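J.: This is the structure I want to talk about, given as structure tokens.
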Amino acid sequence: MTNLIRLDHTHVLTAFHQYELGSSERLRKGLVDNVCLAIEIHAQLEEEIFYPALRVVADTEMLRKSTPEHDEMRGLISRLRNMPVADPAFDDTFFELMRHVMHHVADEETLLLPAAERLLPDQLSELGAQMTKRRLELAGPRAPELASSMARSMSGGTLVGIGSAMLAGAYLLTRRGPGDRLAAARKRFSRAV
Ligand SMILES: [Fe+2]
Ligand SMILES: [Fe+2]
């Protein structure tokens, strides 16, 4: 599970690094939409699966403030969604979201993930499987939104940003029959769990 969380973090941070003030409004909006969707799904997965499991064996300040920090991110995401990209405050609001996410990710990767690896070594595989299953449930209904933001964050023929490869996988899987969707996802990600 911890490597799936790190993979999500890497994708979001990579998208952050591709955000440039000189880029077109369409590209910046596409990146922002993609990042916001990836953060929403990631935060929900942590709150439903990762944090409760860790709470059973650890009670730390970082764990207590994690969900309120997600809520602050949700507030910024909501502001971004209700703001035209041409608004002078749009870039600064996104940079504020970046600051929050980077700080939060640093705490998770240096405190919470090592704690999980020390205290829950036998549960990580099962928690990772739960996370993969739940991710598909959350990402499936949002596939059109994902496809739209992915298309807009294309630049010069190169796909930039892209919140999460797993989200992309969920989108592709929704185009196949629902029967093999979960099985294919489990197979694909079992190596990473
Ligand atoms: Fe988090
Ligand atoms: Fe996280």
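The values are calculated or read from the model by the stated rules, or taken from the named source; none is laboratory data. Everything quoted here is computed from the prediction, not taken from an experiment. As a convention, Cβ positions derive from the backbone with ideal geometry for all residues, glycine included, and neighbour counts pool all protein chains shown. Side chains included, ligands, DNA and RNA excluded: accessible areas come from the protein's heavy atoms. Shrake-Rupley method; radii C 1.70, N 1.55, O 1.52, S 1.80 Å.
J.: With over 23 Å from Arg142 (Cα atoms), modelled with pLDDT of 95 or more and among the aliphatic types (A, V, I, L, M) as the only criterion, which of Ala38, Ala58, Ala89 stands out?
T.: Criteria check complete, one pass: Ala89.
J.: Between a residue in segment 31-56 that is closer than 15 Å to Gln123 by Cβ and within 14 Å of ligand 1 (Cβ to nearest atom) and any residue that is among the aliphatic types (A, V, I, L, M) and open to solvent by 10 Å² or more (accessible area, probe 1.4 Å), which pairs come within a Cβ distance under 7 Å, given they are 6 or more apart or on different chains?
T.: Hits for this filter: Ile49/Leu127; Phe50/Leu127; Ala53/Leu127; Leu54/Ala115.
J.: Which residue pairs have Cβ atoms under 7 Å apart, sit 6 or more places apart or on different chains, and have a first residue in segment 110-125 that is modelled with pLDDT under 95 and a second that is not polar (S, T, N, Q)?
T.: none
J.: Counting only residues that are of a type in the set (Asp, Glu) and closer than 14 Å to Lys29 by Cβ, which one in segment 59-106 is surrounded by the most Cβ atoms within 10 Å (Cβ to Cβ)?
T.: Filtering segment 59-106 for residues that are of a type in the set (Asp, Glu) and closer than 14 Å to Lys29 by Cβ, the one surrounded by the most Cβ atoms within 10 Å (Cβ to Cβ) comes out as Asp91.
J.: Something else about it: Only one of Thr2, Thr10, Thr14 is among the β-branched types (Val, Ile, Thr), touching a Leu at 6+ places or on another chain (Cβ under 6 Å) and surrounded by fewer than 22 Cβ atoms within 10 Å (Cβ to Cβ). Can you tell me which?
T.: Selected residue: Thr2, the only one of Thr2, Thr10, Thr14 that is among the β-branched types (Val, Ile, Thr), touching a Leu at 6+ places or on another chain (Cβ under 6 Å) and surrounded by fewer than 22 Cβ atoms within 10 Å (Cβ to Cβ).
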